[in-house]
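Below is one structure; the comments refer to it alone.
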Amino acid sequence: MRARIIALALIGAASLTVFAGIAIAQQDRYTLKLGNLAFSDFRGYENWRVVAVSETKTQVKVIVANDVMLDAFRQGLPADGKLFPEGSKVVKIEWGKKTNTVAPYFVEVPDTLQAVATIEKDSKRFPDSAGWGYAQFNHDAASDSFTPEGSGSNCGFTCHTIVVAKDYIFTAYPKR
């Protein structure tokens, strides 16, 4: 009986050591930065509300926003020269897609996480890109880790200049 208790204690201690090692080895994505835009600026984005969903031939994308930006969208911004307020933040979560094989009809759903793209309005921090900071953090499924793409927080600005009339934001807030 005593030998059994000792064996169970050793197994328990070994299990704790393994799980602790796994927890330590996991990446803290909130330590990542691209230029002066940090992933931590978007802490809690997983619980933000959906602005819209988009799809390409290979990806499903969900665009979520913080309360500041969502309130602006609900007020009809950007419109009539009114722009998104300071502190507006939006995140685009990108997955590969796959067919849902158990649905009774054809539907494609998110598969492997591929990237998290972020945009933040802060005119003092991002004066060279119309007040917006951009970052994309690519996800590697094998290591469950993120890496920043590009060299600075204005890397997305060039693409977004084609929607200058919409305050540099592609996604509209669709009727609900």
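The values are calculated or read from the model by the stated rules, or taken from the named source; none is laboratory data. Everything quoted here is computed from the prediction, not taken from an experiment. Glycine also receives a Cβ, built like all others from the backbone with ideal geometry; neighbour counts cover every protein chain displayed. Accessible surface is based on the protein model in full, side chains and every heavy atom, while ligands, DNA and RNA are left aside. Shrake-Rupley method; radii C 1.70, N 1.55, O 1.52, S 1.80 Å.
Looking only at residues that are open to solvent by 60 Å² or more (accessible area, probe 1.4 Å) and not in a loop (DSSP other than H, G, I, E, B) in segment 14-28, which one is modelled with the highest pLDDT? Show your work before the answer.
In the first step, residues of segment 14-28 are kept if they are open to solvent by 60 Å² or more (accessible area, probe 1.4 Å); the result is 16-19, 22-28.
If we keep only those that are not in a loop (DSSP other than H, G, I, E, B) as well, we get 16-19, 22-25.
Working: 16: 41, 17: 42, 18: 41, 19: 42, 22: 42, 23: 43, 24: 43, 25: 55.
The selected residue is 25.
Conditions tested, residue by residue: (1) modelled with pLDDT of 95 or more; (2) among the β-branched types (Val, Ile, Thr); (3) closer than 21 Å to residue 175 by Cβ.
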| position | (1), (2), (3) |
| --- | --- |
| 44 | yes, no, no |
| 51 | yes, yes, yes |
| 56 | yes, yes, no |
| 62 | yes, yes, yes |
| 70 | yes, no, yes |
| 80 | no, no, yes |
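In the set (1) under 23 Å from residue 164 (Cα atoms); (2) open to solvent by 20 Å² or more (accessible area, probe 1.4 Å); (3) without any contact (Cβ under 8 Å) to a residue 60 or more places away in the chain, the condition left unmet by residue 121 is number (2).
Assess whether residue 119 counts as being under 23 Å from residue 56 (Cα atoms) and either of a type in the set (Asp, Glu) or touching a strand residue (DSSP E or B) at 6+ places or on another chain (Cβ under 8 Å) (or both). Spell out how you get there, then give the answer.
Details: under 23 Å from residue 56 (Cα atoms): yes; either of a type in the set (Asp, Glu) or touching a strand residue (DSSP E or B) at 6+ places or on another chain (Cβ under 8 Å) (or both): yes.
Judged against the criteria, residue 119 is a match.
Residues of segment 134-176 that are surrounded by 11 or more Cβ atoms within 10 Å (Cβ to Cβ), of a type in the set (Gly, Ala, Ser) and farther than 17 Å from residue 64 by Cβ: 141, 143, 145, 150, 152, 153.
Quick check: is even one residue across segment 164-171 touching a strand residue (DSSP E or B) at 6+ places or on another chain (Cβ under 6 Å) and in a loop (DSSP other than H, G, I, E, B)? Break it down into steps so the answer makes sense when it comes.
Keep residues of segment 164-171 that are touching a strand residue (DSSP E or B) at 6+ places or on another chain (Cβ under 6 Å), which gives 168, 171.
After this cut, where a residue has to be in a loop (DSSP other than H, G, I, E, B) as well, the list is 168, 171.
Among the residues of segment 164-171, at least one is touching a strand residue (DSSP E or B) at 6+ places or on another chain (Cβ under 6 Å) and in a loop (DSSP other than H, G, I, E, B), which makes the answer yes.
Please determine, by comparing only the residues of segment 40-83 that are among the small types (Gly, Ala, Ser) and assigned to a loop (DSSP other than H, G, I, E, B), which one is surrounded by the most Cβ atoms within 10 Å (Cβ to Cβ). So that I can check it myself, show each step before the final result.
Taking segment 40-83 and keeping what is among the small types (Gly, Ala, Ser), we get 40, 44, 52, 54, 65, 72, 76, 79, 81.
With assigned to a loop (DSSP other than H, G, I, E, B) added as a condition, the list becomes 44, 76, 81.
Details: 44: 7, 76: 10, 81: 7.
Here the residue is 76.
Does any residue of segment 96-103 turn out to be surrounded by fewer than 16 Cβ atoms within 10 Å (Cβ to Cβ), part of a loop (DSSP other than H, G, I, E, B) and of a type in the set (Val, Ile, Thr)? There is at least one residue in segment 96-103 that is surrounded by fewer than 16 Cβ atoms within 10 Å (Cβ to Cβ), part of a loop (DSSP other than H, G, I, E, B) and of a type in the set (Val, Ile, Thr). Confirm whether residue 166 is in contact (Cβ under 8 Å) with a residue 60 or more places away in the chain and over 15 Å from the mean Cα position of the chain (by Cα). Yes: the conditions hold for residue 166. Going through (1) assigned to a loop (DSSP other than H, G, I, E, B); (2) open to solvent by 30 Å² or more (accessible area, probe 1.4 Å); (3) closer than 15 Å to residue 173 by Cα one by one, residue 92 falls short only on (1).
Scanning segment 28-69 for residues that are of a type in the set (Val, Ile, Thr), in contact with a helix residue (DSSP H, G or I) (Cβ under 9 Å, 6 or more places away or on another chain) and without any contact (Cβ under 8 Å) to a residue 24 or more places away in the chain gives a single hit, 31.
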